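Engineer: For reference, the structure I am asking about is given below.
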Amino acid sequence: MKIILRGKNIEITDAIEKKVGDKLSKLDKYFIVSENVEAKVLVRTYPYGQKIEVTIPTEYVLLRAEVVEEDLYNAIDLVIDKLEGQIRKYKTRLNRKSKDNKLAFNIASIEPLEEEEEDVLVKTKTINPKPMDMEEAIMQMELIGHSFFVYRDTETYSISIVYRRNDGDYGLIETE
């Protein structure tokens, strides 16, 4: 697996690079075509801790995990644990759905989850997105107490989604 390591507000030392490389190399056993897999790792420093984001796009699935911890080395361990958990979850789903899967995983090397967690759809809701601008959508989202809000943008007339990010700021998803 190729690793692209970047740092924001932090200098990537040889020790950090070695730790990330060693930990991510443990995931190589899960991928059949490891030379085509490229892991993008971003390390950031914030006043409240160190954040590591790992994104591994494969041909059929995107693995992504992020962890914020005071200790960067502990964050690296935790993010790898999250990624392994995602891989186990995908294996469990694949085994339930079909025997002939197309994911670029080496399924034999993945341990199944101890207990299969069944995803349960608990509610279905149909909406008619109202035309408004982003500021009004944020206000509506805050008024109803949700973490996201779907609306029709008044300028582009396309469906947009505004959401609250983990850091307290807002994000916008626009459709084409």
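All of the numbers you see were taken from the coordinates with simple rules; none came from a lab. Since we're looking at a predicted model, the values are computed, not measured. Cβ: placed from backbone, ideal geometry, glycine included. Neighbour counts: every protein chain shown.
Engineer: Apply the Karplus curve 6.51 cos²θ - 1.76 cosθ + 1.60, θ = phi - 60°, to the phi angles in the range 127-132 and return the couplings in whole Hz, x for Gly and Pro.
Structural biologist: Running phi through 6.51 cos²θ - 1.76 cosθ + 1.60 with θ = phi - 60° gives 10, 10, x, 7, x, 6 Hz.
Engineer: Stretch Tyr157-Asn36 to full length: gain in nm at 0.36 nm per residue minus the Cα-Cα span?
Structural biologist: 39.7 nm
Engineer: For the pair Asp167 and Leu143, what calculated FRET efficiency results from E = 1/(1 + (r/R0)^6), where r is the Cβ-Cβ distance and R0 = 22 Å, to the nearest 0.05?
Structural biologist: Values: r = 22 Å, r/R0 = 0.98.
The computed FRET efficiency comes out at 0.55.
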